[in-house]
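Chemist: Supplied in structure tokens, the structure appears directly below.
Each value in this text was obtained by applying a stated rule to the coordinates, not by laboratory testing. As the structure is a prediction and not an experimental result, all values here were calculated from the model. Because the Cβ atoms are built from the backbone with ideal geometry, glycine has one as well, and the counts that use them run over all protein chains shown.
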Amino acid sequence: MRITCPSCCATFSLDVALQMDASRSALLHALHMPAPLAGLWAQYLGMFRAKGRALAHDRADRIMAELVPMLDAGTVTRNGNVRQAPIDLWRTALEQMVDLRNNDKLTLPLKSHGYLLEIVFAAAERGAAKAEQTAEVGRQKRQHRAAADERMQRVEKLSQVRGDFRLGLIDRAKAELRLAEIDFPPEALDA
């Protein structure tokens, strides 16, 4: 089927018009990519192209459209699991893909984003595990510090009760009552 351009009145096939729409959409997706990924993104797209053939614009558009939501959200989704994945993580994964391609360790052309997503997800998992470990260490330190502070406060109260008793500010019964409040036996008064 042939159609006419509304601007210049040239005629061309419907297939060409659809390819122009796909080209426009692919270009818009490419322009939407974060700046640190631009060059790497072009190399990654090339990994989907069969040797000796050009990558169709509609396929390039689909390939980019699959990743744009994750890049925008700063996440990676793999097998239903979602992890935080900042742009630097994506950049590192794309660099690794390019290195693998350059060292002939990838079977090309790629069929899906599976390998890239595995790389990003594994790095995100390591980052999440490290953050969780750091948080746990911090929590344990806070608990230890709180317990040490509590022991120190008890010792200070014991010292205060002993001092008040020795100075004659309180009698033995009152001193033993205060010791019981801070969980010390009456013998602690004489130590």
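Chemist: For segment 61-191, what does the convex hull of the Cα positions come to per residue, in cubic angstrom?
Modeler: Details: hull volume 24.8 nm³, N = 131.
Residue-normalised Cα hull volume stands at 189 Å³.
Chemist: While we're looking at this one, here's another question. Given H placed on each backbone N at 1.01 Å, which residues far from ILE182 in sequence or on other chains put an amide H within less than 5 Å of it?
Modeler: The answer is none.
Chemist: Still on this structure, please answer the following. Evaluated at 20 °C with a viscosity of 1.002 mPa s, what Stokes-Einstein diffusion coefficient in µm²/s does segment 100-139 have when Rh comes from the Kirkwood expression over alpha-carbon pairs?
Modeler: 174 µm²/s
Chemist: Taking amide H positions as placed in the peptide plane 1.01 Å from N, state which residues far from ILE170 in sequence (5 or more) or on other chains have amide H under 5 Å from it.
Modeler: Sorted by chain and number, the residues that satisfy this are PHE165.
Chemist: Please give me the summed charge of the neighbours of THR75: other residues whose Cβ is under 13 Å from its Cβ, Lys and Arg +1, Asp and Glu -1.
Modeler: Working: positive: ARG78, ARG83; negative: ASP72, GLU125.
Taking every other residue near THR75 into account, the sum is 0.
Chemist: Grab the Cα-Cα distance for SER112 and ARG91, subtract it from 0.36 nm times how many residues apart they are, and report the gain in nm with one decimal. Can you show the working numbers first?
Modeler: Working: separation 21, 0.36 × 21 = 7.56 nm, distance 1.79 nm.
Fully extending the segment from SER112 to ARG91 adds 5.8 nm.
Chemist: Taking amide hydrogens as modeled 1.01 Å from N in the peptide plane, which residues meet the under 5 Å criterion relative to THR75, leaving out close sequence neighbours?
Modeler: The answer is ALA85.
Chemist: Kindly rank 89-98, 125-134, 74-83 from highest to lowest mean number of other beta carbons found within 10 Å of each residue.
Modeler: Working: 89-98: 18.8, 125-134: 11.5, 74-83: 13.9.
Going from most to least packed, we get 89-98, 74-83, 125-134.
Chemist: Using the Karplus equation 6.51 cos²θ - 1.76 cosθ + 1.60 (θ = phi - 60°), what ³J(HN,Hα) coupling, rounded to whole Hz, does each residue of segment 62-73 give in order, writing x for Gly and Pro?
Modeler: 5, 4, 5, 4, 5, 9, 3, x, 5, 5, 4, 7
Chemist: Can you list the lysines whose alpha carbon sits under 28 Å from that of LYS111, skipping same-chain ones fewer than 8 residues off?
Modeler: LYS51
Chemist: I need the phi-derived Karplus couplings for segment 37-50: 6.51 cos²θ - 1.76 cosθ + 1.60, θ = phi - 60°, integer Hz, Gly and Pro marked x.
Modeler: Karplus-based 3J(HN,Hα) across segment 37-50 equals 9, 3, x, 5, 4, 4, 5, 5, 4, x, 6, 8, 8, 5 Hz.
Chemist: To continue, here is another question. Give me the number: length gained by fully extending HIS144 to ALA35, i.e. 0.36 nm times residue separation minus the C-alpha to C-alpha distance, one decimal in nm.
Modeler: On the way: separation 109, 0.36 × 109 = 39.24 nm, distance 4.52 nm.
Separation in residues times 0.36 nm, less the Cα-Cα distance, equals 34.7 nm.
Chemist: Something else now. How far apart, in nm, are the 7 Å Cα→Cβ label points at GLN43 and ALA129?
Modeler: Inter-label distance under the simple model: 2.7 nm.
Chemist: Please list, or write none, the lysines whose alpha carbon is within less than 21 Å of the alpha carbon of LYS141, excluding same-chain residues fewer than 8 places away.
Modeler: LYS130
Chemist: Given ALA131, PHE121, GLN143, which one lies farthest toward the positive end of the charge dipole of segment 111-154, if we put +1 on the Cβ of every Lys and Arg and -1 on the Cβ of every Asp and Glu?
Modeler: After comparing all options, I get GLN143.
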